[in-house]
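Since the structure comes first, as structure tokens, the remarks are kept for the end.
The values are calculated or read from the model by the stated rules, or taken from the named source; none is laboratory data. Nothing here was measured: the structure is a model prediction, and the numbers come from that model. Quick reminder, even Gly has a Cβ in these numbers, built from the backbone with ideal geometry, and neighbours come from all protein chains shown. Ligands, DNA and RNA are stripped out before the accessible areas are found, and what is left, the full protein with its side chains, is counted by its heavy atoms. Shrake-Rupley method; radii C 1.70, N 1.55, O 1.52, S 1.80 Å.
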Amino acid sequence: MNGLIERWKSRLPVTSRTPVVTLGEGGTPLVRADRVAKAAGLPPGAVFLKLEGLNPTGSFKDRGMTLAVSKAVEAGATGVLCASTGNTSASAAAYAARAGLRCVVFLPKGKVAAGKLSQTVMHGAEIVEVDGNFDQALAMAVQAAERLGFTLVNSSNPLRIEGQKTGAFEVVETLGRAPDHHFIPVGNAGNITAYWKGYTELGHRPRMCGWQAAGAAPIVLGRPVKNPKTIATAIRIGRPVSWTAALAARDASNGSIESVTDAEILAAYRFLAREEGVFCEPSSAAPVAGLFKLAKARKAPQGLTVCVLTGHGLKDPGITARFKPRIRRVKAGGRIVL
Ligand SMILES: *Cc1c(COP(=O)(O)O)cnc(C)c1O
């Protein structure tokens, strides 16, 4: 089973002595989204979705985690540690289990989606619930990692960014070119930084267009947000770790970082599920919400746009309760008119 380290080793900081900890991550589908394109007033073939929810633990975090954990083992670490809104902890817990390392996670109380928490529990991570938000949990995680001598596997770890840049390599490989616009949700801003690094290493410069949730949009506002609020918990970040790098990617690519409301995110989330057959988590719908927002303002991006759908819909089953299904009930063997 080969993952992205084997696939891209010449472009990653590994040697033949690096013990590769892999679950077969990467190689995710890039699917055409003609219904999204049509709804945005764009021609067929103008929009593609990178389905990162199809990674082993259901989010793109696995791309960085395979490398961060492999290098932690190579360095002789006894454990890994992170703060997380859920997907980083699920991924860290899985890769640590596979590597036989201890894994400690700091989670903001009550703000982690059910699917992500179940993964973290089942992979045997040691969970610390922080009565505070992600940013506060991260500050504690940094100190605890130092104290224990564990490897911090948050996106402040440059190996996470190195692993995640392979997403850009795959997009270029599949399309045979780079997109004109790269749409991506922005939380701690590690992933926008990573894709930009990947594209530029191949000599490409697509416009990097990041999307934050309106209630958690520090980069858009130009100042930290003390109490970030959004249903898109994976991007509920008030003080992004890779803030400066994200601004650099935005400016060097002539791109943008803007925000969408929770209502816009949920509308795109539903549209993707109903019209494209793609079930992502709410945060992942932010770039598509952004595309629809631009289209409404008659500013839809011309050319080829790739939207990264960062995590799987099953991660956050709680949100689906907002969408009341019409269910008809019948006794076994009874008559039902459809
Ligand atoms: C982590 C995460 C994000 C945010 O990525 P950053 O690198 O923190 O900007 C977005 N969506 C999902 C599903 C995530 O897990």
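Hey, does the range 62-71 have a residue that's part of a helix (DSSP H, G or I), open to solvent by 30 Å² or more (accessible area, probe 1.4 Å) and not assigned by TED's automatic domain parsing to the domain that holds Lys315?
Yes, because at least one residue in the range 62-71 is part of a helix (DSSP H, G or I), open to solvent by 30 Å² or more (accessible area, probe 1.4 Å) and not assigned by TED's automatic domain parsing to the domain that holds Lys315.
Determine if the range 81-89 includes at least one residue that is in contact with an Asp or Glu (Cβ under 7 Å, 6 or more places away or on another chain), under 15 Å from Thr310 (Cβ atoms) and surrounded by 24 or more Cβ atoms within 10 Å (Cβ to Cβ).
No; the residues of the range 81-89 include none that is in contact with an Asp or Glu (Cβ under 7 Å, 6 or more places away or on another chain), under 15 Å from Thr310 (Cβ atoms) and surrounded by 24 or more Cβ atoms within 10 Å (Cβ to Cβ).
I'd like to check something: does the range 101-111 contain any residue that is over 21 Å from Gly64 (Cα atoms), in contact (Cβ under 8 Å) with a residue 12 or more places away in the chain and outside any loop (DSSP other than H, G, I, E, B)?
yes
To keep it simple, each residue is scored yes or no on (1) open to solvent by less than 10 Å² (accessible area, probe 1.4 Å); (2) closer than 19 Å to Ala40 by Cα.
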residue	(1), (2)
Val278	no, yes
Ser284	yes, yes
Ala297	no, yes
Thr305	yes, yes
Gly334	no, no
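Given the structure, is Lys293 more than 26 Å from Arg63 (Cα to Cα) and surrounded by fewer than 17 Cβ atoms within 10 Å (Cβ to Cβ)?
no
Of all the residues that make up the range 198-217, how many are outside any strand (DSSP E or B) and buried (at least 21 other Cβ atoms within 10 Å of the Cβ)?
So the answer is 4.
Please specify each residue of the range 303-319 satisfying the condition of being within 16 Å of the ligand (Cβ to nearest atom) and outside any strand (DSSP E or B).
Once the filter is applied, which keeps residues that are within 16 Å of the ligand (Cβ to nearest atom) and outside any strand (DSSP E or B), the range 303-319 yields Thr310, Gly313, Leu314, Lys315, Asp316, Pro317, Gly318, Ile319.
Taking the range 231-247 as the region of interest, how many residues are of a type in the set (Lys, Arg) and more than 10 Å from the ligand (Cβ to nearest atom)?
Of the residues in that region, 1 qualify.
Under 8 Å between Cβ atoms, which residue pairs at least 6 apart in sequence (or on different chains) link something in the range 40-64 that is within 13 Å of Val308 (Cα to Cα) with a partner that is near the ligand (Cβ under 10 Å from one of its atoms) and aromatic (Phe, Trp, Tyr)?
Final answer for the pair search is Glu52/Phe60.
Restricting attention to the range 48-61, report how many residues are assigned to a helix (DSSP H, G or I), farther than 15 Å from Gly3 by Cβ and away from the ligand (no atom under 12 Å from the Cβ).
Number satisfying all stated conditions: 0.
To keep it simple, each residue is scored yes or no on (1) open to solvent by less than 10 Å² (accessible area, probe 1.4 Å); (2) within 13 Å of the ligand (Cβ to nearest atom).
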residue: Tyr95; (1), (2): yes, no
residue: Val104; (1), (2): no, no
residue: Leu152; (1), (2): no, no
residue: Gly167; (1), (2): yes, yes
residue: Glu173; (1), (2): no, no
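When the residues of the range 177-197 are filtered to those that are in a helix (DSSP H, G or I) and surrounded by 24 or more Cβ atoms within 10 Å (Cβ to Cβ), which remaining residue is farthest from the ligand (Cβ to nearest atom)?
Trp196
Within the range 268-280, is there a residue that is assigned by TED's automatic domain parsing to the domain that holds Cys209, at pLDDT 95 or above, of a type in the set (Lys, Arg) and in contact with a strand residue (DSSP E or B) (Cβ under 6 Å, 6 or more places away or on another chain)?
No: zero hits.
Take the range 112-137 and flag every residue that is crowded, with 22+ Cβ neighbours inside 10 Å, free of Cβ contacts under 8 Å to residues at least 60 places away in the same chain and closer than 22 Å to Cys280 by Cα.
The one that is crowded, with 22+ Cβ neighbours inside 10 Å, free of Cβ contacts under 8 Å to residues at least 60 places away in the same chain and closer than 22 Å to Cys280 by Cα: Thr120.
Please count how many residues of the range 62-77 are away from the ligand (no atom under 16 Å from the Cβ) and basic (Lys, Arg).
Looking only at that region, the number is 1.
Of all the residues that make up the range 198-216, how many are over 13 Å from Ser256 (Cα atoms), among the aliphatic types (A, V, I, L, M) and within 15 Å of the ligand (Cβ to nearest atom)?
2
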